[in-house]
Structure formats: C-alpha cells, structure tokens
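One structure below.
The values are calculated or read from the model by the stated rules, or taken from the named source; none is laboratory data. Being a predicted model, the structure only gives us computed values, none of them experimental. Because the Cβ atoms are built from the backbone with ideal geometry, glycine has one as well, and the counts that use them run over all protein chains shown. Surface accessibility is based on the protein's heavy atoms, side chains included, excluding ligands, DNA and RNA. Shrake-Rupley method; radii C 1.70, N 1.55, O 1.52, S 1.80 Å.
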Amino acid sequence: MRNAPALVLVGASGVGKNTVAEVLLREEGSPFSFVRSLCTRAPRKTFADEYIYVSEEEFLRRIEKGEMLE
C-alpha cells in the first residue's frame, strides 16, 4: 500500500462524481485509484460493483484489526 493523499468526490446524486472519477482514473500516469467501500446492507442492483458487501460481524472484526481507513 502506498502513502498518498486521498481525494474524496462528494456531491448529490447525479452531479457527475462517477464521470469525474472516470476521467481522473483514465489519465496516463494518474496517481489515483478507485477504492470500494465496505457495506453491511443488502446489495442494490445499480451499485452492486461499487461496494464490498460483508456481514456486520466481518465489518466489526475489520474495525478491531485496524483495517478501516475511517
């Protein structure tokens, strides 16, 4: 894992966060990478590939092991 500053894209639904992310990731030599969030809720078809779905027990285990950024 490399140490690098984080860039968080935040905005209301439909404002273009994914479009901006795609452009940044496509650039040659881009220092950015896409990070998927862990989620304990049931998957939704529209966002199924944007999250990693785990049980609440697994989520809490990862927190205890210091594996969570936030």
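Criterion applied to Pro5, Pro31 was being touching a residue at least 24 places away in the same chain (Cβ under 8 Å) and open to solvent by 80 Å² or more (accessible area, probe 1.4 Å), and the one residue passing it is Pro31.
Listed here are the residues, each with its yes/no results for (1) in a strand (DSSP E or B); (2) under 20 Å from Ala6 (Cβ atoms); (3) hydrophobic (A, V, I, L, M, F, W, C).
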{"site": "Leu25", "(1), (2), (3)": "no, yes, yes"}
{"site": "Ser33", "(1), (2), (3)": "no, yes, no"}
{"site": "Leu38", "(1), (2), (3)": "yes, yes, yes"}
{"site": "Arg41", "(1), (2), (3)": "no, no, no"}
{"site": "Thr46", "(1), (2), (3)": "no, no, no"}
{"site": "Asp49", "(1), (2), (3)": "no, no, no"}
{"site": "Met68", "(1), (2), (3)": "no, yes, yes"}
